[in-house]
Amino acid sequence: MSRERSRRELPPVQEHIDKLKKVVEEGNGYGALQMYKSISARYVTAQRFSEALDILFSGAYVELEHGLVNCGADLAILFVDTLVKAKSPCNDESLDRIRCMFKLFPRVPVPPHLVDVSDDEDVHNLQESLGEARSRVDNLTSFLRAAIRWSAEFGGPSTGYPELHAMLADYLYTECPELDMVRISRHFVRAEDPEKFASMLINFMGRCYPGEDDLAIARAVLMYLSMGNMKDANILMDEIKKQAETLSESDLLQFITYLLETLQRDALPLFSMLRMKFKSCIDREPLLNELLDEVAERFYGVQRKNPLQGMFGDIFKMMG
């Protein structure tokens, strides 16, 4: 009875949307944030989820449009939380709203890290810019990770909707002050766009420390293979060879080339021999061995020595 009474008492949602938009436009973004939260909660309590989503989407849009990233991100995350409460399916309408909010997150070039350390103002401005960039990335990451979990639970692929992974990978790569290529790659391999991933890796090769480019490529290929996705692993390598002006003939890249050929046949002894022969270059990064263990299990049914390794690896991937 109480719920039915509250359903009748709630005014048309457009009245709230228009009123709160004015509050933001008058410069009280934080005050509007609290009102968006409390008003949308009433509609959720009354199980009028569609109207709650309208309020939250409008709020996130207006706050982000006015450069109020923290407020906008809070409402964007609450929007996804409400999709979950409503058990709303992963469909074009909801995805369009997520795309719309994502496009409003600012992209601000971070100034070069090379500054005059004797100039206090120069150092202060750099620190401030880096702090703001980290905050933007954290906000966007929280929003899209929530959206990925929702999409996986309510109709998308079990790893989440590919376009959401692509959005997050792209933003992390272009906006994060400290590049975490492992984290970025984990999202890109779920984005179903190996051509774009190849372009990003080519760009990274021009920015990374000498000797890191082959690691980034090998890691990406092995991530695809650990998911059983040999098709995109081969497309990625073909695209990199096409797009790269020069590609170092390192031992690690030679190993990856041989590995892709080996996995096309049922040749576990050859796979094991390759790992042994190229052990020194594979050991440059512990993650490569973990990924190769997953490849061996997926393609040849080889059980990992530590049965918990894969479980913990999956947990860490979800946290990333």
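The values are calculated or read from the model by the stated rules, or taken from the named source; none is laboratory data. Values in this document were obtained by computation on a predicted structure and should not be read as measured data. Cβ coordinates were reconstructed from backbone atoms using ideal geometry, including for glycine residues, and neighbour counts include every protein chain displayed. The area values use the complete protein model at the heavy-atom level, side chains included, leaving out ligands, DNA and RNA. Shrake-Rupley method; radii C 1.70, N 1.55, O 1.52, S 1.80 Å.
A few points about this structure:
- Pair list, Cβ under 9 Å, 6 or more apart: the stretch 131-148 residue free of Cβ contacts under 8 Å to residues at least 12 places away in the same chain, other residue buried (at least 23 other Cβ atoms within 10 Å of the Cβ): Asp138/Ala73
- For the residues Thr174, Thr141, Thr159, the requirement of being surrounded by fewer than 20 Cβ atoms within 10 Å (Cβ to Cβ), touching a His at 6+ places or on another chain (Cβ under 9 Å) and either among the hydroxyl-bearing types (Ser, Thr, Tyr) or over 25 Å from Leu201 (Cα atoms) (or both) singles out Thr159.
- Number of the condition not met by Lys231 [criteria: (1) over 23 Å from Asp170 (Cα atoms); (2) open to solvent by 20 Å² or more (accessible area, probe 1.4 Å)]: (1)
- Considering the stretch 16-101, the qualifying helices (runs of 4 or more DSSP H), each wholly inside and each with 3 or more residues that are polar (S, T, N, Q) and surrounded by fewer than 18 Cβ atoms within 10 Å (Cβ to Cβ), run over 29-45.
- Helices (runs of 4 or more DSSP H) wholly inside the stretch 232-302 containing at least 2 residues that are free of Cβ contacts under 8 Å to residues at least 24 places away in the same chain and farther than 23 Å from Val189 by Cα: 268-277
- The stretch 45-72 residues that are closer than 22 Å to Thr141 by Cβ, paired with ones that are surrounded by fewer than 24 Cβ atoms within 10 Å (Cβ to Cβ) and of a type in the set (Gly, Ala, Ser) (beta carbon under 6 Å, 6 or more apart): Glu63/Gly29; Leu68/Gly29; Cys71/Gly29
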